[in-house]
Amino acid sequence: MKTRADAREQVCEVIYQTLRNNGKTTADLDDDTPLSQIGLDSMEWAEFVVQMESVMGFDPFSRALDDELRTLRDLISLYEPAH
């Protein structure tokens, strides 16, 4: 992953794929979309995390998180390249 835009693209792609795989419609996502409004249930979020680990090669949830995840922007930040 080279940029924040790359991380955003991958996160959104996997969210859309997870929604479609579970027969749910996809809506446009922006960085301020609350995670609670994306439409994934807890099992689907687990599916998302497993898929992202497969794609990215790491699980950011395996380490302690300092901040709460509330929005898509917060989630994307977990997969951004280190500064």
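Things to note:
- Spacing of the two label points (7 Å from each Cα toward its C-beta) at D74 and D41, in nm: 2.3
- Relative contact order [Cα under 8 Å, 6+ residues apart], the chain, whole percent: 45
- Helix 42-56 vs. the chain, principal-axis angle (Cα, 0 to 90°, nearest 10): 50
- The orientation-averaged projected area of the convex hull spanned by the Cα atoms of the chain comes to 5.3 nm².
We did not get these values from a lab; they are worked out from the coordinates using the rules stated. The shown structure was predicted, so the numbers you read here are calculated from the model rather than taken from an experiment. So basically every Cβ, Gly included, is an ideal-geometry build from the backbone, and we count neighbours across all protein chains shown.
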